[in-house]
């Protein structure tokens, strides 16, 4: 450890004031603070609410994502080889297939995203934004596995530049950058982002073998052939990280235990979705409306989105009462979009982006109502408050 | 009035009336007028060009007419008078397009008629023509029309190139259906940039780039 510290200190010299590489100081600083907890605390934006610095916060989210990522890799192999009749491969083989499929997109996502972050940090002389540590891993996890890498790269550029840098970097963005990248890819290249061919790696068109997601087939009024247990474990077609609810719950527990993800948003989101599903079950006109509440929670990207993206500390509601409303409405709109708009089988992405836009308004009214309440209290009972 | 008589037709201040809207005082990116049509007609460069031409003609002519009438119009009903004149000119433009450029007019459809509501036209009438001589108003109208056209063409260039792989209708990137040119390597047109929301973002990027190079525009 001491050796590493010494090496970093030696390398640091030309970057300090007056040194030859002074211009790139911010870039070096980013790497240094990544390796060692800095002596100073983060000053602006996202980080006024916690004792650990933003890089450590983000690392915990990355750790929470690991179970879903590992399972996702396995599931890619599983889905791909289950198309082939009678193939009987070992777990490690299936995992290996998925690993080599996912790795390039993770590398591209980090290389492009961090490249832009470093360039902006040096150009505008601000600290490198840590937020991309999480977004960079989230983006490949919410994309279909076969999305061409250049499309992924363009989506990342859009998310980082338009979603984050124009607003002033991490802590200032209105929308969740990872979802913005997905929304961009979704509207730009719909053929690669939806339908029944994109969710399984190198999907073949063998008869009787459907690569459609559960929600995709429901939208066409077909009863899906997966059991609830399959959906819970994640042995269904879908984006890389979203399929296994078990892995997502492990991640959620890590986030809640460390206090980084808001349990209020997660819980109210689930409540919102369940209540909405009950309402539609009562109507029950088609397959989608008859789909039971626990199955709704098991399919699609809702669980992943509510745990890892709705709880984004920057774009979610900040006030405690606001979080309940925000989460509830995310759940509500997800189910509404699922049921009423078969063109978008999964509504979680659009629901969260919509609520990101509304979150500041929710906060504004929560804060205001609190002010009004306290004023009233002061009027009716001036002695107690004074 | 006396000093305008001494001025030549193309004096320095008059030339500035034309050139200022190109950059420093651009109707779209600085005055933020006429955004709606910039989003609606910029899918193809040809349409954007015809639209820019039509708007320029309407602004310039309505500026001249209002400027001639400026001392006769009672200020309480000036908006109505302006609207009548703009509407007259727009109908003329619409009929001319229908007669000589029917295809383009079909594609522009309702947006030609909506020049009436283009904020640049009313904005220039209110801000300039009501207080200036016809010649100056004419130059101001031409300048603003061209300033509008520049942004329109830049946005349309990006949207047509990235959205349909064409420039002015020519398939310079190859044929997306037969998979020639760039498409043979797996390139796909971007569907999002055809939609209006992305046009707004493109306009935003144009404003960003413009302000990066023109430091005068940055508000403190």
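The values are calculated or read from the model by the stated rules, or taken from the named source; none is laboratory data. The structure displayed is predicted, hence computed values, not measured ones. Cβ coordinates were reconstructed from backbone atoms using ideal geometry, including for glycine residues, and neighbour counts include every protein chain displayed.
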Residue A:250 - would you say it is more than 20 Å from residue A:339 (Cα to Cα) and out of contact with any strand residue (DSSP E or B) (no Cβ under 9 Å at 6 or more places or on another chain)? yes
Among (1) under 21 Å from the mean Cα position of the chain (by Cα); (2) farther than 18 Å from residue A:188 by Cα - the single one residue B:195 does not satisfy: (2)
Could you say whether any residue in region B:9-22 is buried (at least 19 other Cβ atoms within 10 Å of the Cβ) and within 13 Å of the chain's Cα centre (by Cα)? yes
Go through A:360, A:313 for me and flag whichever is more than 30 Å from residue A:218 (Cα to Cα) and within 14 Å of the chain's Cα centre (by Cα). A:313
Conditions first: (1) over 20 Å from residue B:49 (Cβ atoms); (2) crowded, with 17+ Cβ neighbours inside 10 Å. Residue B:179 passes all but one, so which condition is the exception? (2)
Of (1) surrounded by fewer than 23 Cβ atoms within 10 Å (Cβ to Cβ); (2) away from every other protein chain (no Cβ under 12 Å); (3) at pLDDT 90 or above, residue A:206 satisfies every one except (3)
Of the residues that make up region A:246-259, is at least one in the same structural domain as residue A:186 (by TED's automatic domain parsing) and at pLDDT below 85? yes
Give the number of residues within region B:70-100 that are outside any helix (DSSP H, G or I) and surrounded by 15 or more Cβ atoms within 10 Å (Cβ to Cβ). 2
Count - residues of region B:178-211 that are in contact (Cβ under 8 Å) with a residue 24 or more places away in the chain and more than 10 Å from chain A (Cβ to nearest Cβ): 8
With the condition kept exactly as written, say whether any residue in region A:131-146 is outside any loop (DSSP other than H, G, I, E, B), within 14 Å of chain B (Cβ to nearest Cβ), in contact with a helix residue (DSSP H, G or I) (Cβ under 6 Å, 6 or more places away or on another chain) and modelled with pLDDT of 75 or more. no
Are any residues in region A:147-172 over 16 Å from the mean Cα position of the chain (by Cα), part of a loop (DSSP other than H, G, I, E, B) and surrounded by fewer than 23 Cβ atoms within 10 Å (Cβ to Cβ), and if so, which ones? A:147, A:148, A:162, A:168, A:172
Within region A:227-248, can you find the residues that are assigned to a loop (DSSP other than H, G, I, E, B) and surrounded by 15 or more Cβ atoms within 10 Å (Cβ to Cβ)? A:234, A:235, A:236, A:237, A:238, A:239, A:240, A:241, A:242, A:243, A:244
Restricted to region A:261-316, and to residues that are in a helix (DSSP H, G or I) and free of Cβ contacts under 8 Å to residues at least 24 places away in the same chain, which residue is nearest to residue A:243 (Cα to Cα)? A:293
Here the qualifying pairs (Cβ atoms under 8 Å; residues six or more apart or on different chains; first in region A:151-170 and in the same structural domain as residue A:110 (by TED's automatic domain parsing) and at positive phi; second buried (at least 20 other Cβ atoms within 10 Å of the Cβ) and at pLDDT 90 or above) come out as none
Members of region A:213-226 that are assigned to a loop (DSSP other than H, G, I, E, B) and either modelled with pLDDT of 75 or more or buried (at least 22 other Cβ atoms within 10 Å of the Cβ) (or both): A:213, A:226
Taking region A:173-188 and keeping only residues that are at pLDDT 90 or above and either within 8 Å of another protein chain (Cβ to nearest Cβ) or not in a helix (DSSP H, G or I) (or both), one is left with A:175, A:176, A:184, A:187, A:188
Among (1) under 30 Å from residue A:199 (Cα atoms); (2) in a helix (DSSP H, G or I); (3) out of contact with any helix residue (DSSP H, G or I) (no Cβ under 7 Å at 6 or more places or on another chain), which single condition is residue A:326 missing? (3)
Could you tell me whether residue A:111 is without any contact (Cβ under 8 Å) to a residue 40 or more places away in the chain and closer than 20 Å to residue A:63 by Cα? yes
Filter region A:329-353 down to the residues that are out of contact with any helix residue (DSSP H, G or I) (no Cβ under 6 Å at 6 or more places or on another chain) and part of a helix (DSSP H, G or I), then identify the one that is surrounded by the most Cβ atoms within 10 Å (Cβ to Cβ). A:338
